[in-house]
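Okay, so here's the structure we're looking at.
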Amino acid sequence: MKSTRREFLASGISGAGLLATGASLPGFLTRTAWAACPQRDQPILVVVQMTGGNDGLNTVVPFEDDAYHRARPSLRVQPAAALKLDDQLALHPQMRGFKDLYDQGLLTVINNVGYPNPNRSHFEAMDIWHTADVRLKSRRDGWLGRLVDQQAHAGQPPFALHLDSESLPLALKTTRRSVPSVRDIAGFHLRGDVGALARSIAAPRNSRSEDLLFVQRVAVSSVANAGRIEHLGAGQPLRSPYPDYRLAKHLQQIARLIEADFGPRVYYTSIGGFDTHARQVLAHGPLLRELSDSVAAFFADLKQHHLQERVTLMTFSEFGRRVKENASRGTDHGAGAPMFVVSPACRSGLLGGAPDLTNLLDGDVRHRIDFRNVYAAVLRDWLAIPHEPILGGKFTPAALFRT
Amino acid sequence: MTSLAPYKPTRANPWDRAHAAHLLRRSGFSPSESEILQALEQGPVQTVRGMLEPGRDSPSHDELDQLGRALAVRDNIESLRGWWLLRMCRTTRPLAARMSVFWHNHFATSNAKVRSAALMLQQLRTLERDGLGRFEDLLLAVARDPAMIIWLDAELNVKGRPNENFAREVLELFSLGVGNYSEHDIREAARAFTGWQQRAGRFRVNSLAHDDGTKKVFGQTGRFDGADVIRLAVERPACGRFLAGKLLREFLCPEPPPELVDALAAALRENHFDIANTLGVLLASEAMFDARYARARIKSPVELVVGMVRSLELHVPASALASASSQMGQRLFEPPSVKGWNGHREWLNSATMLVRLNTATQAVSAEFFEPRTLIERYELNDAGRYIEFAQNLTLDGRVPDALRRPLRALSGSPAEVLREALRLLLTSPEYQMA
């Protein structure tokens, strides 16, 4: 594939020929660079971090369990309002978006996820999820960073991309490659007159320097990417509507990048505010609504562009929260909690079952599924990448995806 | 076969603009027109000698330099990053500035763990003070540097419970390279470094934690401490080869031929590992001006950003410099791992390349660049001269056919012709090569 592109660029067309065809240059570059991009049609993972420690019990509600209602006199979700998933568990009333995805067979709720000896410090716990190392032997790199270092090749589009207002998370920390971090895809805008630039960069060179030709290939693909994104933005027919949330805006931009076949196979963003120690009712419902409506709009957008088969989205949080509400009508740091996976390939339904509120660990939900088994499933069964070198151990992939 | 024998200008291989600009670019950053003219006049020997002479920097550099302490005290690593880059833009000692970045990459200490701008500044000052001196002195100074002590967890290494990490990195990463020591050497060297600690940003040896017994390292026996181990390591032939390889990759080409590595290792030994004197040999050598090594390296983000500012004589705020370099993948004070930045092709992917292209466009935009400044300073009288000037300044006049026609076709006011010519040249693949 590399040599095809190089031959094409170096000898195939003369500068005069390019101008004579009257081809619109960015379009020309789009076709050639696109066709040569090895990442086309590869499955994509979108990770949404829920920062602060999401209260799992009010998200995936064990509405039939008296122990739940007794523990949360003011915070408990009323069974009548909850969105039933089965006869034991229901989603928080504000999660209509997720309920719809569940009914369409696209959402899997993985309940009671955690790891042995749970850590209740934000900083430590988040690092554990980011490194997939419960002993935190080193914070040298993140689990996705390891993936990037192993899979990325010089000159290819970045393997992962961080699109968020926050700084690059430890999960994406690498030791070799770089992972771009942008707040906005305006970061991928090419300044100035693109046409003249594109022509002069792409024009064939009479050079034997492999390095120069390498640089040229990367530059051509850069310009092509920028052109694709601009092209997508301009004069588009009415797109799927997104709600007016920050997470929705980030996911919308990720959808555009996926549509543009920009290249990354992993996208990472976040939604914060889940550390609800006090007056939880004010913050939690709206956050869950932002999450589920934004993700639902994202998948509706992908579907409209026939891309929904290529994308799996996974959420996680650094811990759940205590079963008993506290004196401030909130909850404190806990342990086991749900993860959500939205995917065309998932078996759908519920994994992990209802929490056992009679057998707690220091007042917290015990985990039944180790998060590394979920990571393993996403790596092996969705991204088709061997999971053991990334996770540093044998973790049986959870039965998340249809085989 | 090329060698480290001194380059002597001949009619076939004269001292010309291209050679002068190449030397300045390799030993420092992309030069301004006046730097090129000065080097042309002085000739290669005098130019190299001038780079290596210790001396004062410019007033505008020094007044900026004094702000370092104040910035560090505020513990804002981002502003320290911008300050370092801005100093590189103003310095009249670009080789020293390049060597600071080289050593920063070599000793690869990251603020992500050290978490103190003051300590990172202190380490930088050590690299600047000792970076052109004898390598053994530099290595010892850095091994005792508090930021390094924290970075490599040297304090975990105590008598009776030696921790090998520090010793291993000193031998593997800093002096000898992988495999040029035995595990026994490492274990014994670890004992020699026990008790090396820092307190409140000052190095100390905790004598209670120091194992002062007899050790055997590299076949020699004695009651060695860390300084002794460093002396013994630098004496190993592997050290000369290891350093020579790194210096050649920085200043010559990504894959230097073994005979040049051996030759530069010999030069290091002959000069008692004095870095300035050894660089003097390399920068004035035939190899430096061998056509096969021209434009052989992909510029690092720092080289690219600082080079654009210096050659176009721009005034760019420190924060913009830091942001550009970081987004291109070189976040100073935070190398990605103990191995530093691998560089060359690994600088480039479609995202970092986009930043390079956008930065070039921005550099010549009205925000930072007033073309009339250069037009007046260098008395460029007509359109033909602007284009020639731009071609010479950016690519030493060696412009590919692919660019010649679009450049000739430019029209408009003088300022706009110069601006657009520079833009096309600065965004060319050729410009990414040094």
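The values are calculated or read from the model by the stated rules, or taken from the named source; none is laboratory data. Model, not experiment: these values are computed from the prediction. Don't worry about glycine lacking a Cβ; one is built from the backbone with ideal geometry, like all the others, and counts go over all protein chains shown.
For residues that are surrounded by fewer than 22 Cβ atoms within 10 Å (Cβ to Cβ) and hydroxyl-bearing (Ser, Thr, Tyr), scanning just segment A:103-131, find the one that is nearest to the chain's Cα centre (by Cα).
A:TYR115
Restricting the first residue to segment B:351-380 and requiring it to be under 17 Å from B:GLY307 (Cα atoms), which pairs with a second residue that is buried (at least 20 other Cβ atoms within 10 Å of the Cβ) and of a type in the set (Val, Ile, Thr) meet a Cβ separation below 6 Å and a spacing of at least six or different chains?
Cβ pairs passing all conditions: B:MET353/A:VAL218; B:LEU357/B:THR427; B:ALA360/B:THR427; B:PHE368/B:VAL316.
How many residues does segment A:200-213 contain that are within 7 Å of chain B (Cβ to nearest Cβ), touching a residue at least 60 places away in the same chain (Cβ under 8 Å) and not small (Gly, Ala, Ser)?
Summing the residues that are within 7 Å of chain B (Cβ to nearest Cβ), touching a residue at least 60 places away in the same chain (Cβ under 8 Å) and not small (Gly, Ala, Ser) in segment A:200-213 gives 2.
Does A:ALA219 satisfy being within 11 Å of chain B (Cβ to nearest Cβ), within 21 Å of the chain's Cα centre (by Cα) and among the aliphatic types (A, V, I, L, M)?
So A:ALA219 does not fit the description; no.
Based on this model, can you work out whether B:SER337 counts as surrounded by fewer than 18 Cβ atoms within 10 Å (Cβ to Cβ) and either within 10 Å of chain A (Cβ to nearest Cβ) or not in a helix (DSSP H, G or I) (or both)?
Yes; evaluated as a whole, the condition is true for this residue.
So which of A:PRO158, A:PRO118 is part of a loop (DSSP other than H, G, I, E, B), touching a residue at least 24 places away in the same chain (Cβ under 8 Å) and either away from chain B (no Cβ under 11 Å) or under 21 Å from A:PHE371 (Cβ atoms) (or both)?
Going through A:PRO158, A:PRO118 in turn, just one is part of a loop (DSSP other than H, G, I, E, B), touching a residue at least 24 places away in the same chain (Cβ under 8 Å) and either away from chain B (no Cβ under 11 Å) or under 21 Å from A:PHE371 (Cβ atoms) (or both): A:PRO118.
May I ask you to list the residues in segment B:143-164 that are surrounded by fewer than 23 Cβ atoms within 10 Å (Cβ to Cβ) and without any contact (Cβ under 8 Å) to a residue 40 or more places away in the chain?
B:ASP153, B:LEU156, B:ARG161, B:ASN163, B:GLU164
Would you point out the residue of segment A:176-199, among those that are of a type in the set (Lys, Arg), within 8 Å of chain B (Cβ to nearest Cβ) and part of a loop (DSSP other than H, G, I, E, B), that is nearest to B:MET328 (Cα to Cα)?
The residue in question is A:ARG177.
So which of B:THR126, B:THR109 is in contact with a Phe, Trp or Tyr (Cβ under 6 Å, 6 or more places away or on another chain) and of a type in the set (Ser, Thr, Tyr)?
That would be B:THR109, the only listed residue that is in contact with a Phe, Trp or Tyr (Cβ under 6 Å, 6 or more places away or on another chain) and of a type in the set (Ser, Thr, Tyr).
Exactly one of these conditions fails for B:ALA434: (1) in contact (Cβ under 8 Å) with a residue 40 or more places away in the chain; (2) surrounded by fewer than 16 Cβ atoms within 10 Å (Cβ to Cβ); (3) of a type in the set (Gly, Ala, Ser); (4) within 12 Å of chain A (Cβ to nearest Cβ). Give me its number.
That leaves (2) as the condition not met.
A:GLN78 fails exactly one of the following numbered conditions: (1) touching a Pro at 6+ places or on another chain (Cβ under 7 Å); (2) surrounded by fewer than 23 Cβ atoms within 10 Å (Cβ to Cβ). What is the number of that condition?
Among (1) touching a Pro at 6+ places or on another chain (Cβ under 7 Å); (2) surrounded by fewer than 23 Cβ atoms within 10 Å (Cβ to Cβ), the lone unmet condition for A:GLN78 is (1).
Being without any contact (Cβ under 8 Å) to a residue 60 or more places away in the chain and within 32 Å of the chain's Cα centre (by Cα) is the requirement here; does B:ALA421 meet it?
Taking the combined requirement at face value, the residue satisfies it.
When you scan segment B:172-191, do you find a residue that is part of a strand (DSSP E or B) and either modelled with pLDDT of 95 or more or touching a Ser or Thr at 6+ places or on another chain (Cβ under 9 Å) (or both), even just one?
no
From (1) assigned to a helix (DSSP H, G or I); (2) over 25 Å from B:ARG134 (Cβ atoms), pick out the condition that doesn't hold for B:GLY245.
(2)
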